[in-house]
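Report on the structure given below.
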Amino acid sequence: MTDLSYKNWISMNDKALTEQIGAYIKHHRVEQNKTQDELAKSAGISRSTLSLLERGETVTLATLIQVLRVLDLLHIMESFRIEQVISPLALAKMEKNKRKRASRKKDGNSNNIDL
């Protein structure tokens, strides 16, 4: 596999990107010593669909996920994880509104006992 920097990913057109994805799939299929027929059958797709994917042609996202699952490559989905990040300003506002101490009930039916 070629090592491409982030800058090169940005400069690639869509066709080049899909071809890179196809090369990635083919590389890992061959590394795992699987034929197209074996991988396609395990993924529940046709061999011709797998061939399209490996050549960088248009396939569905579901097809790509099925193939990644069979190749045990779903770990690449970590790149798509969204982590909630609270801005410092929002955190400061939350801290400002946070209760600092308990207060007495303000209703007139208080059950306070005077000693």
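Read the figures in this text as sums done on the coordinates, not as results from a lab. The model shown is predicted, which means the values in this text are computed figures rather than measured ones. Methodologically, a virtual Cβ is constructed for each residue, glycine included, from the backbone with ideal geometry; neighbour enumeration extends over all protein chains shown.
Quick notes on this structure:
- Residue check, ASP14 free of Cβ contacts under 8 Å to residues at least 40 places away in the same chain, surrounded by fewer than 13 Cβ atoms within 10 Å (Cβ to Cβ) and touching a Lys or Arg at 6+ places or on another chain (Cβ under 7 Å): no
- Test for SER51: is it exposed (fewer than 13 other Cβ atoms within 10 Å of the Cβ), of a type outside the set (Val, Ile, Thr) and over 20 Å from the mean Cα position of the chain (by Cα): no
- Screening LEU52 against (1) in contact with an Asp or Glu (Cβ under 6 Å, 6 or more places away or on another chain); (2) closer than 16 Å to GLN20 by Cα leaves a single unmet condition, (1).
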